[in-house]
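Read the figures in this text as sums done on the coordinates, not as results from a lab. Owing to the predicted nature of the structure, the values given are computational and were not obtained by experimental measurement. Backbone-built Cβ (ideal geometry, glycine too); neighbour counts: all protein chains shown.
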Amino acid sequence: MEQKAPLTLYLAAPRGFCAGVDRAVKIVEMALQKWGAPVYVRHEIVHNKFVVEGLRDKGAVFVEELDECPDDRPVIFSAHGVPKSVPAEARRREMIFVDATCPLVSKVHVEAERHHAAGLQMVMIGHAGHPEVLGTMGQLPEGEVLLVETVEDVTGIAPRDPARLAFITQTTLSVDDTAAIVAALQARFPAIVGPAKEDICYATTNRQAAVKAIAGRIDALLVIGAPNSSNSRRLVEVGRAAGCDYSQLVMRADQIDWRAMQGIRSVGVTAGASAPEVLVNEVIDAFRARYDVTVELVETARENVEFKVPRVLREPG
Ligand code: SF4
C-alpha cells in the first residue's frame, strides 16, 4: 500500500457557528415545532446552503420578500436584520412574525436611531447590497445614512453638515480594513462620533484573529463558508494579507482543489460564522483520506456567548 504523505492540519479556534447564527437556526426549528410546516423565512436565515437545505427539508420555505408569503402562515426574518418597513408591513397584514435578527445587529440599529434622534447624519461602513446593510440603512429615512465601502469612498461623500455626523459599521467586516476607513473618516470629519472602535462583532473579530495566528505557518488555508457570507470572505482576505497566498473559500469538501494541494506539508482550516461543524469534519476526513494527518488546534480565544430565542417561542401553546 502506498504511504500517505505527512500533513499538519492547523484547526483554527474559534471557527464556525456564532451565537447569532445558532439562535437564528433554533428560531426556525422551534417555529416549525410550534406552528407546523410551512413556516416562511424571509431571505436565507443564515448564509449557508447546507443549513438552509436542512431547514427546507423540515418544512421551511425561503423567500426574498414578504409579498411572497401568505397572510396566514408565520414568517421569520433572517439573522442579518430587516429594514423597518418589513415588520411594519407584517403587522399591517396581521401576520405572525418572529425576528431572528442577531442581537448584535439590533444593537447597531439602536445606535443608528439614537444618533438620528440627536440630529446626526450617519455614515455606514459596509458592503453595498448586503442584507445587513440594507436592514441597517432601512432603520432610518432615506438619505440619513451614507454608505462607504473603502477609504477612497470617504472623499466622495457629501454630508449635510460635516460637523454633525456619526458612524456605524456592518458587523462582519475586516477589522484591519475598517480601522483604516474609520481613520480616514476621523481625518476628514474630526467631529464624527461613533463606537469606541467599530461595530464588528466578537465572532468576526475572533475568527479573524485565529486565522492571523496560523496564516504565517501554513502552505494553504481553506475557509469553509458560502460565497455570499461576508464574514467567510473576509477570512480568506485576512489569510492572504497575513501571509498565506493560497487562501480559498470552499463550501464543502467536494470543492477542494486537490491539484493545488499537491506537495503541501501544512494546511489551515477554519469556518465562517454560518458554517456548521459537520462541514469542518467532512473537510478533515477528506484530508485524512489522502494524507497522514496530524491535527493541531490553534485556539486564540474562548467564546461563551449565547442568545435567548424570542419569548413567543419559549412560551407553550
Ligand atoms: S456574525 Fe456576529 S453579528 Fe453576525 S450573526 Fe454572528 S454574532 Fe451576530
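Details
- Of all the residues in the range 43-71, those that are within 16 Å of the ligand (Cβ to nearest atom) and without any contact (Cβ under 8 Å) to a residue 24 or more places away in the chain number 1.
- Odd one out for Glu53 among (1) under 22 Å from Arg252 (Cβ atoms); (2) buried (at least 16 other Cβ atoms within 10 Å of the Cβ): (2)
- Looking across the range 19-42, the residues that are out of contact with any Phe, Trp or Tyr (no Cβ under 7 Å at 6 or more places or on another chain) and within 13 Å of the ligand (Cβ to nearest atom) come down to Val21, Asp22, Ala24, Val25, Lys26, Ile27.
- The listed residues are Gln121, Gln139, and the only one of them that is among the polar types (S, T, N, Q) and either in contact (Cβ under 8 Å) with a residue 60 or more places away in the chain or within 30 Å of Glu306 (Cβ to Cβ) (or both) turns out to be Gln139.
- When residues of the range 72-90 are limited to those that are farther than 16 Å from Pro141 by Cα and among the aliphatic types (A, V, I, L, M), the one nearest to the ligand (Cβ to nearest atom): Ala79
- Count of the range 1-18 residues which are more than 16 Å from the ligand (Cβ to nearest atom) and buried (at least 21 other Cβ atoms within 10 Å of the Cβ): 1
- Selection status of Ala242, farther than 22 Å from Glu29 by Cα, touching a residue at least 12 places away in the same chain (Cβ under 8 Å) and under 17 Å from the mean Cα position of the chain (by Cα): no
- Restricting the range 254-287 to residues that are touching a strand residue (DSSP E or B) at 6+ places or on another chain (Cβ under 9 Å) and assigned to a helix (DSSP H, G or I), the residue that is farthest from the ligand (Cβ to nearest atom): Phe287
- Of residues in the range 291-311 being loosely packed, with under 15 Cβ neighbours inside 10 Å and more than 16 Å from the ligand (Cβ to nearest atom), the one farthest from Pro74 (Cα to Cα): Asp292
- Going through (1) touching a helix residue (DSSP H, G or I) at 6+ places or on another chain (Cβ under 9 Å); (2) in contact (Cβ under 8 Å) with a residue 24 or more places away in the chain; (3) not in a helix (DSSP H, G or I) one by one, Ile27 falls short only on (3).
- Test: residue in the range 118-131 that is farther than 19 Å from Gly194 by Cβ and within 16 Å of the ligand (Cβ to nearest atom): yes
- Among the residues making up the range 87-107, those that are within 24 Å of the chain's Cα centre (by Cα), buried (at least 16 other Cβ atoms within 10 Å of the Cβ) and not charged (D, E, K, R) are Pro87, Phe97, Val98, Ala100, Thr101, Cys102, Leu104, Val105, Ser106.
- Residues within the range 136-156 that are over 12 Å from Thr169 (Cα atoms) and of a type outside the set (Ser, Thr, Tyr), tallied: 12
- When Val154, Val145, Val110 are screened for being surrounded by 15 or more Cβ atoms within 10 Å (Cβ to Cβ) and under 23 Å from the mean Cα position of the chain (by Cα), only Val145 passes.
- Out of Thr136, Thr101, sole residue that is assigned to a helix (DSSP H, G or I) and within 13 Å of the ligand (Cβ to nearest atom): Thr136
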